[in-house]
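As structure tokens, the structure follows; a few thoughts come after it.
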Amino acid sequence: MSHFSYILKILRRHRKRMILSLLAMLGIMLVDLGSPLVIAILIDNVISLGSYHLLAPLMLFFLALPFASAVCRIASDYTITLLGQRVVFDIRLDLYRHVHKLHCQYIQEATTGKIMERIRGDVNQIQNLLTNNTPQLLVQVVTGLIMVSIMLTMSVKLTLMMFAGILLYLINYRIMVPRIRKIQRRYRRKMDRLSAYSQERLAGTLVVKSFNRERFESRNFIKRNFLAERVFHRFRTTNLTYNVISGAITWGNYVLIIVVGTLLVIRGELTYGAVTAMTAFSFRLLYPASMLAELSNQLQQASVSLDRIFELMNAEKDIPEVHGLRLAKVRGEVVFDHVNFQYEEGKPVLRDLCLHVRAGQTVALVGQTGCGKTTLVNLIYRYHKITDGRLLIDGKDINSLDIHAYRRCIAMVPQEPIIFDATLGENIGYGNPKASRKDLERAARMAELGGVLDRLEHGLDSRLGAEFVTLSVGERQRLCIARAILANPTILILDEATSSLDTHSEKLIQIAMERVMADRTCFVIAHRLSTIVNSDLIVVMDGGQVLEQGTHAELMARPDGRYKFLYTTQTDHAGIVRTA
């Protein structure tokens, strides 16, 4: 779908608002045209010809114009603003829904800021074009064309002279405005750097004081501020020059029309009312002329924003949703049968991987960063489609299973706990929104969150977030475990759940983990090998392959085994730290 077709498709959903806004804009156009024509009739007919019977209706009409203008502008602003909000809502909703369907690899590679800028910043550019710039431009251009048509019927000579003035105005605009914008961008960059510098130094105030660097930092700040100020003065000077030249062209055009118009009146080719109307029209035509020049910049910005939005909209979607096989009950047997996987062509991540995990087993995945542990568990979640081989769940090919029904049988406790801006209860029940309050509390206490529940005044109804209740890293981790307990999965994935924690927090988490892991197939990724010694199966990975597998005792019995080396090294290091 093209950019234009997509925008039209969205606008069609709001036909009524579009029609109302167009009618309001039509009213604005008629009002803008009315006042100069009323003045012309007043001068030519009432003052010059003495048709005083027209004075009262003309004055009433003239007095009614501001009220009519206000009503039309309020109606136009209201309908256009409402239309803009609905358009933005629709585009953002389309993007938001699409993001949740994107391929996991795209989500992992794209930064959150990049995606949010598409949803927020780029959509705002489209809103400005559709609701602010385009309607105004439409009104001004149509009004301008009608004005030119009226002026041509009055005097071709004066109209051509006026066009000469507008041409000079546009030339000045095209030369000066890009310079002003360039300097303004430079000034903003300077201010951004000054702000970042100030924030950094203020954050390090104690360091500055401890090394007696106050004077040095003050001099640095003055220097940076002076550079920003110098750019700002240049901006002000250039902007002032542009305004002076624009004013000179406007007034020069105005004086020229009056002088030449007066000569035409003397020669009998024009009336005083027509000269007055054409002078008023010439003033009003400068605004649509400048808007036309501005439109190219607005269209360019909107085009870039649309390109960025469609880049996201056209990004590869997740594995297609197929209404496949729904297992009556998932036991949790997982078999990797000669599995190969690669994110990029020619760069394999998993190589001919074979692994048989029986239902209810706890499997620990060990290996250096980049060996394929996370990729392996992502394949179990079916975040990616394997390149070659088979992944079997209870003897069934994972690709034949209904993805939504299957994922309801899996839960994950991630390395970085994900806490949403919601209540404690809503966070725990995220994977099971129909859970009762009793179930939520039971899951919380099983995950060793009883102390948190008792501490919080509103218990499960306490709102979490930066502005509300904040939890420690260990408490956040236990909340994720409570979420997994409530989901009651058959297959559980613990992704480095005990790394970077103090001893007390790790002990509480170990207790919670033992509860959640009972009678489930569990895959554990951990850097602390002391936490996995009781696992049913330890799998040592290297270069995307299974290097060793067995129990802790079996692997430690291998004289030159990789696991024994890693475990001994880590244990010896921990002993040195404790001794120190």
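The values are calculated or read from the model by the stated rules, or taken from the named source; none is laboratory data. What you see is a predicted model; the values in this text were computed from it and never measured. Methodologically, a virtual Cβ is constructed for each residue, glycine included, from the backbone with ideal geometry; neighbour enumeration extends over all protein chains shown.
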(message) Exactly one condition in (1) among the hydrophobic types (A, V, I, L, M, F, W, C); (2) closer than 20 Å to Gln477 by Cβ; (3) surrounded by fewer than 20 Cβ atoms within 10 Å (Cβ to Cβ) is false for Ile403; which is it?
(response) (2)
(message) If I filter segment 503-520 for residues that are surrounded by fewer than 14 Cβ atoms within 10 Å (Cβ to Cβ), of a type in the set (S, T, N, Q) and out of contact with any Ser or Thr (no Cβ under 8 Å at 6 or more places or on another chain), do I get at least one hit?
(response) yes
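Rundown of residues vs (1) more than 22 Å from Ala248 (Cβ to Cβ); (2) at pLDDT 70 or above, yes/no style:
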| residue | (1), (2) |
| --- | --- |
| Gly113 | yes, no |
| Val123 | yes, yes |
| Leu137 | yes, no |
| Val148 | yes, yes |
| Phe163 | no, yes |
| Met176 | no, yes |
(request) Tell me which residues, restricted to segment 402-452, are small (Gly, Ala, Ser) and closer than 19 Å to Ser505 by Cα. (result) Ala443, Ala444, Ala447, Gly450, Gly451
(message) What's the number of the only condition in (1) farther than 28 Å from Met176 by Cβ; (2) at pLDDT 70 or above; (3) buried (at least 18 other Cβ atoms within 10 Å of the Cβ) that Tyr272 fails to meet?
(response) (3)
(message) When you scan segment 254-263, do you find a residue that is under 26 Å from Ile166 (Cβ atoms) and touching a Lys or Arg at 6+ places or on another chain (Cβ under 8 Å), even just one?
(response) yes
(message) Return the pair list, or none, for Cβ contacts closer than 8 Å from residues in segment 37-61 that are within 22 Å of Met151 (Cα to Cα) to residues that are not in a helix (DSSP H, G or I), at least 6 apart or on different chains.
(response) Ala40/Thr271; Ile43/Thr271; Asp44/Thr271; Asn45/Ser51; Ser48/Thr271
(message) Looking at Phe221, Phe211, can you tell me which residue is touching a Lys or Arg at 6+ places or on another chain (Cβ under 8 Å), free of Cβ contacts under 8 Å to residues at least 60 places away in the same chain and of a type in the set (Phe, Trp, Tyr)?
(response) Phe221
(message) Out of the strands (runs of 3 or more DSSP E) lying entirely within segment 492-555, which hold 3 or more residues that are under 26 Å from Ser472 (Cβ atoms) and at pLDDT 80 or above?
(response) 521-525
(message) Being touching a helix residue (DSSP H, G or I) at 6+ places or on another chain (Cβ under 7 Å), of a type in the set (A, V, I, L, M, F, W, C) and either at positive phi or part of a helix (DSSP H, G or I) (or both) is the requirement here; does Val71 meet it?
(response) no
(request) Mind listing whichever residues of segment 428-471 are basic (Lys, Arg) and either buried (at least 18 other Cβ atoms within 10 Å of the Cβ) or not in a loop (DSSP other than H, G, I, E, B) (or both)? (result) Arg437, Lys438, Arg442, Arg445, Arg455, Arg463
(request) May I ask you to list pairs of residues, at least six apart or on different chains, whose Cβ atoms are under 6 Å apart, with the first in segment 88-108 being over 15 Å from Tyr381 (Cα atoms) and β-branched (Val, Ile, Thr) and the second being surrounded by 12 or more Cβ atoms within 10 Å (Cβ to Cβ) and at pLDDT 65 or above? (result) Val88/Val123; Val88/Gln127; Ile91/Val123
(message) Quick check on this structure: which one of Asn220, Asn212 is outside any helix (DSSP H, G or I) and more than 30 Å from Tyr254 (Cβ to Cβ)?
(response) Asn212
(message) Pairs please, first residue from segment 240-265 and more than 21 Å from Leu170 (Cα to Cα) and in contact (Cβ under 8 Å) with a residue 12 or more places away in the chain, second anywhere and in a helix (DSSP H, G or I) and of a type in the set (Ser, Thr, Tyr), Cβ atoms under 7 Å, 6+ apart in sequence or on different chains.
(response) Ile258/Thr279
(request) Considering only segment 58-86, state which residues are modelled with pLDDT of 80 or more and of a type in the set (Phe, Trp, Tyr). (result) Phe67, Tyr78
(request) Return yes or no: is Gly268 assigned to a loop (DSSP other than H, G, I, E, B), under 30 Å from Phe163 (Cβ atoms) and not basic (Lys, Arg)? (result) yes
(request) Please specify each residue of segment 179-223 satisfying the condition of being among the polar types (S, T, N, Q) and surrounded by 13 or more Cβ atoms within 10 Å (Cβ to Cβ). (result) Gln184, Ser198, Asn220
(message) Every residue in segment 3-54 that is more than 45 Å from the chain's Cα centre (by Cα) and closer than 19 Å to Val87 by Cα, please.
(response) none
(message) Being on the phi < 0 side of the Ramachandran plot, touching a residue at least 40 places away in the same chain (Cβ under 8 Å), crowded, with 18+ Cβ neighbours inside 10 Å and in contact with a Pro (Cβ under 8 Å, 6 or more places away or on another chain) narrows it down to one residue among Ile386, Ile410; which is it?
(response) Ile410
(message) Of the residues Gly370, Gly360, Gly389, only one is of a type in the set (Gly, Ala, Ser), in contact with a strand residue (DSSP E or B) (Cβ under 7 Å, 6 or more places away or on another chain) and assigned to a loop (DSSP other than H, G, I, E, B); which?
(response) Gly360
(message) Condition first: hydrophobic (A, V, I, L, M, F, W, C) and closer than 28 Å to Thr531 by Cβ. Now tell me which residues in segment 366-391 satisfy that.
(response) Val366, Cys371, Leu376, Val377, Leu379, Ile380, Leu391
(request) Can you tell me which residue within segment 125-135, out of those that are aliphatic (A, V, I, L, M) and farther than 16 Å from Ser76 by Cβ, is modelled with the highest pLDDT? (result) Ile126
(message) Checking Ile28 against (1) surrounded by 15 or more Cβ atoms within 10 Å (Cβ to Cβ); (2) modelled with pLDDT of 75 or more; (3) more than 30 Å from Thr153 (Cβ to Cβ), only one condition comes out false. Which one?
(response) (3)
(message) Test of understanding: among Val357, Val363, which residue is modelled with pLDDT of 80 or more, in contact with a Leu (Cβ under 6 Å, 6 or more places away or on another chain), crowded, with 19+ Cβ neighbours inside 10 Å and closer than 19 Å to Ser535 by Cα?
(response) Val363
